[in-house]
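*Asks:* I'd like to ask you about the structure that follows.
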Ligand code: HEM
């Protein structure tokens, strides 16, 4: 190709016509958003994990036994996903609910009968809440029976207990909000109070939609950050020697 041809090939308009993707990926705006090289080499993959906000919570390399289902049964992960579903479905419900004695019950009624997807979202919210309590308890049992609470993970165990208490509190405070007979009498018995009125309804609402979720969001972030820093308990076992000499046998042989 002569110098004329080279000039045409190097021209911006010609390149953008033939390789629109490449021109876009080379642009300053794209490079300011995506800073890592292509993840097609070990270095590219490592850089992708370090630079990406969502991926950086994962280690770059993961031992095979950690991703086996039976290691964790994905229970912590499932609990976190349920929390996400509760957050989104709860936000939808908030658009149609007023936490006052004359309105609460009728708002829930209107939501179930006249709002698009109202009954569906309400059911998703309620069932996810029940399921989250069960899954968090199963997650605790999994951690306990696999000995994952042992050093250096005692701190994360304590954080986990706080998360369990907060999950139960979410369930408890949410129970009152429909303001029907079941809600009213369950909370009257549960709180040991003689009168559950508008003040209780408002306080339970604020706790349910703001205070406890804010605490869970912060504490859950610390929980997952600690899992990342401590590594999974199962990976400790890999670094332990296969067999250890039993002291008595070693003494007897001496
Ligand atoms: C809102 C509730 C909770 C959420 C969303 C949650 C989330 C997670 C996630 C995503 C993991 C990574 C491993 C896995 O998926 O199983 C994990 C690990 C862990 N969790 Fe939880 N968790 C919660 C409650 C608890 C409770 C109640 C305890 C115990 C009292 C606990 C103690 C631990 C410990 C010690 C680990 C590390 C396990 C290991 O290294 O094998 N967590 N959690």
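Each value in this text was obtained by applying a stated rule to the coordinates, not by laboratory testing. Being a predicted model, the structure only gives us computed values, none of them experimental. Glycine gets a Cβ as well: all are built from the backbone with ideal geometry, and neighbour counts include every protein chain shown.
*Asks:* Which of 20, 213, 39 ends up with the largest GNM mean-square fluctuation for the chain, with Cα atoms connected below 10 Å?
*Replies:* Ranking 20, 213, 39 by mean-square fluctuation puts 20 first.
*Asks:* Also, I was wondering about something else. For the stretch 162-241, what ratio Rg/Rh do Cα atoms give with a Kirkwood hydrodynamic radius?
*Replies:* My calculation of the ratio gives 1.25.
*Asks:* Between residue 101 and residue 43, 0.36 nm times their residue separation minus their Cα-Cα distance comes to what?
*Replies:* Separation in residues times 0.36 nm, less the Cα-Cα distance, equals 14.9 nm.
*Asks:* Now a separate question. Going by C-beta contacts inside 10 Å, put 95, 87 in order with the fewest on the left.
*Replies:* The order, fewest Cβ neighbours first, is 95, 87.
*Asks:* Would you mind putting 184-194, 76-86 in packing order, based on average other-beta-carbon counts within 10 Å, highest first?
*Replies:* Descending mean neighbour count gives 76-86, 184-194.
*Asks:* In Å and from the alpha-carbon atoms only, list the Rg and Dmax of the stretch 2-50.
*Replies:* Rg, Dmax (Cα atoms, Å): 14.8, 45.
*Asks:* While we're looking at this one, here's another question. Suppose a student asked you for the relative contact order of the chain, using Cα pairs under 8 Å spaced at least 6 residues apart; what percent would you report?
*Replies:* Reported as a whole number, the value is 18 percent.
*Asks:* Rounded to the nearest 500, what is the chain's calculated 222 nm mean residue ellipticity when only DSSP H runs of at least 4 contribute -39500 (n - 2.57) each, over all residues?
*Replies:* Only helices count here, giving -22000 deg cm²/dmol.
*Asks:* What FRET efficiency comes out for the pair residue 73/residue 16, r = Cβ-Cβ distance, R0 = 51 Å, nearest 0.05?
*Replies:* That gives a FRET efficiency of 0.50.
*Asks:* Rounded to the nearest 0.05, what FRET efficiency do residue 221 and residue 171 have when you use their Cβ-Cβ distance and R0 = 22 Å?
*Replies:* My answer for the efficiency is 0.55.
*Asks:* Something else: Over the chain, with a Gaussian network built from C-alpha contacts below 10 Å, which listed residue (103, 40, 180) shows the highest mean-square fluctuation?
*Replies:* 40
*Asks:* Residue separation times 0.36 nm, minus the C-alpha to C-alpha distance between residue 91 and residue 26: what's the value?
*Replies:* 19.5 nm
*Asks:* Over its Cα atoms, what ratio of radius of gyration to 2.2 N^0.38 Å does the chain give?
*Replies:* Taking the Cα Rg and dividing by 2.2 N^0.38 Å, one obtains 1.51.
*Asks:* Relative contact order of the stretch 2-50: what whole-number percent is it, with Cα pairs under 8 angstrom and at least 6 residues apart?
*Replies:* That works out to 16 percent.
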